[in-house]
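Take a look at the structure set out below.
All of the numbers you see were taken from the coordinates with simple rules; none came from a lab. Computed from a predicted structure; not experimentally measured. Positions of Cβ are generated from backbone atoms using ideal geometry, with glycine treated the same way; all protein chains shown enter the neighbour counts.
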Amino acid sequence: MFDANWHQIVWKFEKPMLITLKFWKKSSFKNVKLRRRSVQGLMILLLKMCLVFGQQKVIVIDPGHGGTDSGAIGINDILEKDVVLNVAKEIIGLNKTLFDERFAIYPTRYTDTLISLKDRSRLAKALKTDVFVSLHCNASPNASQGMELYVHTSKTEENHIKASIAIGLSILKESTGKLGFESRGVKFANFEVLRETVAYSPSVLVEMGFMTNTNEADYYLKPKNIRAKALAILMGLYNYLNIRL
Ligand SMILES: [Zn+2]
């Protein structure tokens, strides 16, 4: 049923903060006849606004590949596209269970589908993300192992590059110190997802280990290890973002 008062309030709340504040100065609950459900809805809306305008940082997690693009194929037949999606889902889950939804985390894909690189960066721009994190696994014809992170080579986005390096080092520290992964360091690359996002936020591409290395490919067979890696990445982000809240 259409409720003129409620509609007006929702409309007001969809406008920027200043208009909202003006509205509150001029109005009070006494002047508006609201049904109980409308009041509850309003309170939820207010809480959400506090989070959006307050301290909840937005993180876009980008599980690489998907659909027809499997990414690297593991020595044990595990697929990069599945590993990165599983880690992304765990990051979202841990943010709810351990971090009480401290961050607003949005994945670029929830399922085994192929999203264009453009759409992945478009999401980061549209959400005004605070950090963009692309998840990948490595492959090599050699017996390479370990974890490395990439940041963009941009000379014009110095602040975002510095922040990206700090985030990369923080994620590496958690993964190498607590999970025993070898660190291959933070490196520079002109990858499209980094190039298209670095103007809007710090952005990192995480290579979570080598699918061509037996130990590292087997590591991702176990759900508890997927969770451990997700926690290391989330802690890496938390350690960086927390000191800037
Ligand atoms: Zn990849």
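When you count the other C-beta atoms within 10 angstrom of each residue and take the mean per peptide, 124-133, 220-229 line up highest first as 124-133, 220-229.
With θ taken as phi - 60° and the Karplus curve 6.51 cos²θ - 1.76 cosθ + 1.60 applied, the whole-hertz 3J(HN,Hα) list for region 134-144 is 9, 9, 9, 10, 8, 9, 7, x, 8, 8, 5 Hz, x standing for glycine and proline. Rounded, prolate or oblate: pick one for region 57-242, where a ≥ b ≥ c are the square roots of the eigenvalues of its C-alpha gyration tensor, a/c under 1.5 means rounded, and failing that, prolate if a/b is larger than b/c, else oblate. The shape class here is rounded.
Here Met235, Met211 are placed in order of increasing Cβ neighbour count within 10 Å, fewest first, which gives Met235, Met211. Each residue of region 90-107 was assigned a 3J(HN,Hα) from its phi angle through the Karplus expression (A = 6.51, B = -1.76, C = 1.60, θ = phi - 60°), giving 5, 4, 5, x, 5, 4, 7, 7, 9, 10, 6, 6, 4, 10, 9, 10, 10, x Hz with x at Gly and Pro.
Dividing the mean sequence gap of close Cα pairs (under 8 Å, 6+ apart) by how many residues region 57-242 holds gives a relative contact order of 31 percent.
In terms of packing, defined here as the mean over residues of other Cβ atoms within 10 angstrom, the peptides 183-190, 82-89, 151-158 line up highest first as 82-89, 151-158, 183-190.
Relative to the Cα centre, the charge distribution of region 118-228, modelled as +1 at Lys and Arg Cβ and -1 at Asp and Glu Cβ, gives a dipole magnitude of about 260 debye. The charge dipole of region 57-242, taken about the Cα centre with unit charges on the Cβ atoms of Lys, Arg (+1) and Asp, Glu (-1), comes to about 460 debye, rounded to the nearest 20. Available extension along the chain between Asn215 and Arg195 is 4.0 nm, counting 0.36 nm per residue and deducting the alpha carbon span.
A full extension of the chain between Thr111 and Lys224 corresponds to an added length of 38.7 nm, given 0.36 nm per residue minus the alpha carbon distance.
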